[in-house]
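Notes follow once the structure below has been shown.
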Amino acid sequence: MIDRIRRSLDIETIFSTTTREVRQLLATERVAIFRFNPDWSGEFVAESLASGWTPLVENYHRSIIADSFLKDNQGGRYRHNESAIVNDIYQTSFSPCHIELLEKLQARAYIIVPILQGENLWGLLAAYQNSQSRQWQEYEAEFLAQIGAHIGIALQQAEYLKQTQEQAAQLAIAKEHEKAAQRHKTLVGTIDRIRRSLDIDTIFETTTQETLQLLESDRVVIYHFNADWSGQIVAEAIVPGWTPLMKDRGFIADTVLQETQGGRYRRNQTTVIDDIYKTHYSPCHIKLLENLEARACIIVPILQGDILWGLLATYQNAQPRHWQEYEVDLLAQIGTQLGIALQQAELLKTTQTQADELSRTLKELQQTQSQLIQSEKMAGLGQMVAGIAHEINNPVNFIFGNLVHVDGYVRDLVDLIDTYDKAYPVPQDGVCQKIDEIDLDFVREDLPKIIESMRMGSDRIRKIVLSLRTFSRLDEAETKAVDIHDGLESTLLILQHRWNSRGDRPIQLLKDYGDLPLVECYPAPLNQVFMNLLTNAIDAIEECNSKEDATISIRTNTEGDRVNIEIVDNGSGISDAARSRIFDPFFTTKKVGKGTGLGLSISYQVIVEKHGGQLDCVSQVGQGTQFRISIPIQTPKL
């Protein structure tokens with residue numbers, strides 16, 4: 001964003017770029033630029049806002065904003081380069097009329113920073129939170145202040161360029177100043193090249209080389225002051241035949257500058273010498289200039305804001321030279337632009353640092369958010385398993401345990417009936433009628449089968465409950481050596497109802513398990529990964545319902561000190577563009593409402609960060625997807 005502000009000198013483009021991108025970066029509802037009029041009233045000249053809010057520029061543009069406090073105080077605190085941060089307008093001591101004005105602006109919370117054009121307050125840059133209060137962070141205020149500073153520099157730079165262009169136009173009118181006009185045009189190009197780079201070395205090289213050609217002098221140097229007001233030459237351009245001053249690292253022992261802490265240059269004054277031998281300089285000063293091989297020179301200050309950063313000097317070595325007024329002015333303008341470029345480079349460095357910190361903060365927030373969601377999901381799963389175990393396990397055990405007795409009782413009753421049948425082969429008519437009604441032969445044959453099916457059913461329920469306990473492993477927060485195949489099997493059992501989701505074309509499950517050792521891992525999170533990957537595989541197959549041979553393959557093997565688990569489906573596949581983002585938090589390829597975008601992100605964190613392993617995805621649209629898990633047999637301690 002700073003680069004786009006720097007590359008454009010069109011104020012409307014700068015305003016539009018700033019408001020739009022600042023609003024996106026700070027995730028706020030409105031960002032606006034307010035300009036003061038000469039009488040300290042003002043107007044909104046640019047804004048970017050979220051949908052659903054009334055534009056301020058349409059409502060207030062070209063009409064005066066009646067903020068009597070700012071008008072009476074001629075900009076108030078903002079003239080002193082101070083910012084205003086309000087988390088909630090209703091929690092302040094603002095007057096009712098001030099609150100009413102802010103309500104008209106739909107503002108509930110805001111940060112307002114000044115835009116200074118040089119030392120003059122030009123306007124304000126404001127970020128508003130309209131819908132609710134907001135606790136602004138310190139780095140957000142600092143970042144907005146840096147953007148306001150960049151806008152001020154851009155306004156100042158545009159003003160300088162405008163002045164330069166006007167001067168070039170005026171000089172071009174007069175024939176006697178054609179050469180000067182050409183130099184001014186070259187100056188505009190020089191300034192533009194300085195402005196296009198924020199690399200200090202490139203700025204220095206561009207400045208010295210182009211100034212040397214522009215003024216047709218013998219040497220141009222850039223001199224930088226140290227903290228103790230000593231200094232050294234940091235850049236130089238010379239014509240052939242003269243001794244480079246930077247060969248000895250450019251240190252210059254100018255005691256006058258050191259004792260006076262920059263002397264006249266701190267007051268933004270310039271030195272012009274046509275001939276060093278026609279000055280009132282002391283012999284030691286003349287000797288210093290002779291060591292620099294200088295006979296004539298122009299020296300202008302380089303101010304970084306209000307601070308003297310260094311000097312820009314051009315030297316005529318071979319002979320005296322009468323410097324023209326426009327030459328002095330050209331060098332002064334280049335010195336000014338150089339100071340602005342240095343200030344902008346420093347601000348960009350600070351801004352980039354803050355942007356990097358903001359990016360890291362957002363990434364950490366996303367990771368924390370996904371981890372919290374994972375924790376809630378696992379906690380919810382634990383509660384579900386506990387409830388199922390409590391509600392099902394006891395009655396199932398009761399049924400399963402009593403089926404043995406029921407089976408014995410039934411056998412005893414059948415034996416009794418057989419004994420009775422032998423003792424009384426011809427029963428009474430009523431007994432015969434009852435035997436026919438209940439179909440005694442069928443009951444004698446089917447009852448043992450029913451009991452056996454009841455035993456199988458209760459055993460099945462016990463296994464499901466056991467699989468849920470194996471899957472969740474809620475009592476195992478630390479690493480534990482487990483059988484990976486047990487986790488896979490328990491997950492498959494839980495998902496068994498989905499294998500037949502395609503009706504008469506069930507999904508075929510192919511298992512190729514290798515001989516795995518016990519793996520030291522976090523069992524519950526690892527089982528959650530299996531659940532996520534298998535669920536995604538089933539979803540991918542269901543998306544291409546036309547496939548007859550739907551298959552999911554699970555392969556395991558060992559490779560050195562690592563265990564590999566591969567889950568492969570022949571479903572719809574994933575595009576290259578989507579595959580590059582599938583592990584990003586909240587990214588999903590599923591339809592709205594069918595996925596949170598957290599499953600694969602959480603799986604990646606579990607495998608890579610928690611187990612020190614790898615999770616890779618290979619896929620082709622229409623051909624299916626392969627996820628490959630590789631984890632060490634001994635998980636490194638966190």
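The values are calculated or read from the model by the stated rules, or taken from the named source; none is laboratory data. Nothing here was measured: the structure is a model prediction, and the numbers come from that model. Areas reflect the complete protein model, heavy atoms only, side chains present, ligands, DNA and RNA absent. Shrake-Rupley method; radii C 1.70, N 1.55, O 1.52, S 1.80 Å.
Per-structure values
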quantity	calculated
Linear extension gain, Met246 paired with Arg77, 0.36 nm per residue minus alpha-carbon span	56.3 nm
For Ile115, distant residues with modelled amide H under 5 Å away	Trp122, Gly123, Leu124, Leu125
Sequence of Arg295, Arg219, Arg20 from largest to smallest accessible area, 1.4 Å probe	Arg20, Arg295, Arg219
Contour excess over end-to-end distance, with Cα ends at Asp412 and Lys104 and 0.36 nm allotted per residue	101.8 nm
Ranked order, Val608, Val113 - accessible area, probe 1.4 Å, largest first	Val608, Val113
Euclidean distance of C-alpha centroids, region 317-336 and region 123-158, integer Å	39 Å
